[in-house]
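The values are calculated or read from the model by the stated rules, or taken from the named source; none is laboratory data. All values derive from a computational prediction rather than experimental measurement. Here the Cβ is made from the backbone with ideal geometry for all residues, glycine too, and neighbour counts use every protein chain on show. Heads up: the accessible areas ignore ligands, DNA and RNA and are worked out on the full protein's heavy atoms, side chains in. Shrake-Rupley method; radii C 1.70, N 1.55, O 1.52, S 1.80 Å.
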Amino acid sequence: VKLADRLRIGGLEAAEPWRRRSRRPGARSLRGLDPRAQRSSSALADKIFRVISEPYDIDGSKIVIGTSIGIALAPFDGVEPNELMKQSDLALYRQKSVGRNGYRFFDAQMTVEADARHQLVHDLRAAISGDELELHYQLVVDVKTGDPCGAEALMRWRHPRRGNIPPANSFRWPRRAD
């Protein structure tokens, strides 16, 4: 309620989610974007951050809320509200992955990367049922004595079309995929 009141008082109540436009200082410039839209987007994002980030007094405790913002611009990133919301979600997830409390514009590369992750998760699900995962053991050696002191189990994925997929590429997304 306090946040909603602040946004209303700060003049942000009428800002529709798909019209919020901003950019993080120092980020690369966007080709084809009207500089006026870029400036107004940055100003709006800055205002949102100022309004939200001031401490809240809740039952005598000071609480600070962080925020991350993803931005998609019409007509550059789409024209339909659902499409723009999807694009702004991708920008939001990218911002959260590089650090919270910031804002980021949608970039078409984000869709390419999201599609690749989706395909990889789909392929991994098929790999589990298709016997494409292999378990390997690697000896662990005590560096002082040179004696074996254990083993570690390593999962390897032999993809039918892409060959061996390194663990860093294949096993970091499944926990987020439903």
Taking region 63-103 and keeping residues surrounded by fewer than 16 Cβ atoms within 10 Å (Cβ to Cβ), at pLDDT below 90 and charged (D, E, K, R) leaves Arg100
Exercise for review: Please tell me if Leu33 is open to solvent by less than 30 Å² (accessible area, probe 1.4 Å), modelled with pLDDT under 85 and not β-branched (Val, Ile, Thr).
Suggested key: yes
When region 134-148 is checked residue by residue, the ones that are without any contact (Cβ under 8 Å) to a residue 12 or more places away in the chain and exposed (fewer than 11 other Cβ atoms within 10 Å of the Cβ) are Asp142, Val143, Lys144, Thr145, Gly146, Asp147, Pro148
The number of residues in region 85-138 that are among the hydroxyl-bearing types (Ser, Thr, Tyr) and over 26 Å from Ile165 (Cβ atoms) is 2
(message) Can you find a residue that is of a type in the set (Asp, Glu) and either under 12 Å from the mean Cα position of the chain (by Cα) or loosely packed, with under 12 Cβ neighbours inside 10 Å (or both) anywhere in region 110-122?
(response) yes
Here the residues within region 94-121 that are part of a helix (DSSP H, G or I) and under 17 Å from Ile48 (Cβ atoms) are Gln95, Lys96
